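J.: The structure follows.
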Amino acid sequence: MNEIDAKTDALVPAWLTLPDVAERLGVEVTRVRQLVREGQLIAVRRGENRVLQVPADFVGGPSRKIEASGGLLLG
């Protein structure tokens, strides 16, 4: 989990907070935090409050699922 510079930030059109990611995936926010901690989902600290956020393009809707093995299916 890193902070992001302004040039890189501008390349991402939309960001989601971890609770938003959890809602889209249909899982608890603690599971999303675990995926970030394990390096299976990329999140960076953004904004004045340095809130962890994920590029929205990395997360689809409910069709993207968390496998039983713990991996995030992105296809």
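The values are calculated or read from the model by the stated rules, or taken from the named source; none is laboratory data. This one's a predicted model, so the numbers in the text were calculated from it and none came from an experiment. All Cβ positions, even for glycine, are placed from backbone atoms using ideal geometry, and neighbour counts span all protein chains on display. Surface accessibility is based on the protein's heavy atoms, side chains included, excluding ligands, DNA and RNA. Shrake-Rupley method; radii C 1.70, N 1.55, O 1.52, S 1.80 Å.
J.: Show the residue pairs that are 6+ apart or on different chains and have beta-carbon atoms under 7 Å apart, the first residue being within segment 43-56 and within 12 Å of LEU16 (Cα to Cα), the second being basic (Lys, Arg).
T.: As it stands, the answer is VAL51/ARG45; LEU52/ARG45; GLN53/ARG46, since those pairs meet every condition given.
J.: Can you give me the number of residues within segment 20-59 that are loosely packed, with under 11 Cβ neighbours inside 10 Å and part of a helix (DSSP H, G or I)?
T.: Selection size over segment 20-59: 1.
J.: Can you tell me which residues in segment 1-19 are of a type in the set (A, V, I, L, M) and in a loop (DSSP other than H, G, I, E, B)?
T.: Selection gives MET1, ILE4, VAL12, ALA14.
J.: Here is a follow-up. Which condition does ASN2 not pass, out of (1) open to solvent by less than 60 Å² (accessible area, probe 1.4 Å); (2) at pLDDT below 90, if it passes all the others?
T.: Only one criterion in (1) open to solvent by less than 60 Å² (accessible area, probe 1.4 Å); (2) at pLDDT below 90 is unmet by ASN2, namely (1).
J.: Another question about this same structure. Go through ALA14, ALA10, ALA68 for me and flag whichever is modelled with pLDDT under 85, loosely packed, with under 12 Cβ neighbours inside 10 Å and among the hydrophobic types (A, V, I, L, M, F, W, C).
T.: ALA68
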